[in-house]
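One structure below.
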Amino acid sequence: MAAVATSTTTIETLADLLEHLGGIHPNRVRFRPAPGTATEKDVLAIHDREGRLYELVDGVLVEKAVGLRESLLAIALASILRSFVRPRNLGLVTGADGMMRLFPSLVRIPDAAFISWDRLPNRRVPTEPIPDLAPDLAVEVLSVGNTPGEMARKRQEYFEAGVHIVWQVDPRTRTVEVFTAPDQSTVLHETHILDGGTALPGFTLPLQELFAELDLQGED
């Protein structure tokens, strides 16, 4: 796996750092350990101690943007993916705390992902908490805290790591933007059907079924 090209040589201020990370809000950047010094051990220790999810970007801990509606869609989509993958024994489907080392010093946590057996060492479930791998399909459900710059950076990293397709799900517009390259995408609306493309041939999902999760209600 080749190293992703990043540069921190021009970072001199907090503003520079936030821009480097995609223009994110400063409340998502962990100050201790100091930015630039964090490691995967810190990612795991904070998760074990506080139950909070941080991605590791160039030695900086960036808290994963989350929300209830986003979680609802992520778990629904992961469940639908698993229902397709598991009976066919195609590989693994992970959820919103599935950490992956895309490159050295770069740990990302897609909201859902499909990983084919061919990408897994010995075609088995990894035993380490942060395995060195990239999924075939990565799903990012947009939260309010996500910025366009952050998502553009994530997509660049995913594709450089070998991801085939990225689904960017937007609960507010009820759309899924399907990326086949960092800057090549198709926007699907609620009336469209999502397919697995080259990452998961044969998979289809009417998006109306997915976004119906946002309209659930109990009986009076």
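The values are calculated or read from the model by the stated rules, or taken from the named source; none is laboratory data. Since this is a predicted model, take the numbers as computed values, not measurements. Quick reminder, even Gly has a Cβ in these numbers, built from the backbone with ideal geometry, and neighbours come from all protein chains shown. These area figures cover heavy atoms from the full protein model, side chains too; ligands, DNA and RNA do not enter into them. Shrake-Rupley method; radii C 1.70, N 1.55, O 1.52, S 1.80 Å.
Return yes or no: is Asp97 open to solvent by 40 Å² or more (accessible area, probe 1.4 Å) and under 16 Å from Glu140 (Cα atoms)? Working first, answer last.
Working: open to solvent by 40 Å² or more (accessible area, probe 1.4 Å): yes; under 16 Å from Glu140 (Cα atoms): yes.
In short, yes.
So which residues in the range 180-200 are in contact with a strand residue (DSSP E or B) (Cβ under 8 Å, 6 or more places away or on another chain) and of a type in the set (S, T, N, Q), if there are any at all?
Across the range 180-200, the qualifying residues are Thr180, Ser185, Thr186, Thr198.
Need pairs with beta-carbon distance below 9 Å; first residue within 14 Å of Val85 (Cβ to Cβ) and within the range 117-128, second open to solvent by 100 Å² or more (accessible area, probe 1.4 Å); sequence gap 6+ or separate chains.
Trp117/Arg123; Trp117/Arg124
Residues Glu140, Glu70: which one is in contact (Cβ under 8 Å) with a residue 24 or more places away in the chain, closer than 22 Å to Leu56 by Cβ and touching a Ser or Thr at 6+ places or on another chain (Cβ under 6 Å)? Steps first, please.
Details: Glu140 fails: touching a Ser or Thr at 6+ places or on another chain (Cβ under 6 Å).
The conditions single out Glu70.
Kindly provide the set of residues from the range 89-126 that are of a type in the set (S, T, N, Q) and over 29 Å from Thr37 (Cβ atoms), ordered by number.
Within the range 89-126, Asn89, Ser116, Asn122 meet the criteria.
Tell me yes or no: at least one residue of the range 26-33 is part of a helix (DSSP H, G or I) and either at pLDDT below 95 or open to solvent by 40 Å² or more (accessible area, probe 1.4 Å) (or both). Talk me through it step by step, then tell me what you get.
Quick first cut of the range 26-33, residues part of a helix (DSSP H, G or I) only: 26-28.
Narrowing further to those that are either at pLDDT below 95 or open to solvent by 40 Å² or more (accessible area, probe 1.4 Å) (or both): 26-27.
Within the range 26-33 (the criterion being part of a helix (DSSP H, G or I) and either at pLDDT below 95 or open to solvent by 40 Å² or more (accessible area, probe 1.4 Å) (or both)), the answer is yes, since at least one residue qualifies.
Here is a yes/no grid of residues against (1) open to solvent by 80 Å² or more (accessible area, probe 1.4 Å); (2) of a type in the set (A, V, I, L, M):
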{"residue": "Leu120", "(1), (2)": "no, yes"}
{"residue": "Val125", "(1), (2)": "yes, yes"}
{"residue": "Glu128", "(1), (2)": "yes, no"}
{"residue": "Asp136", "(1), (2)": "no, no"}
{"residue": "Arg153", "(1), (2)": "no, no"}
{"residue": "Tyr158", "(1), (2)": "no, no"}
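Which one is least open to solvent (accessible area, probe 1.4 Å), of the residues in the range 54-89 that are outside any helix (DSSP H, G or I) and among the acidic types (Asp, Glu)?
Here the answer is Glu55.
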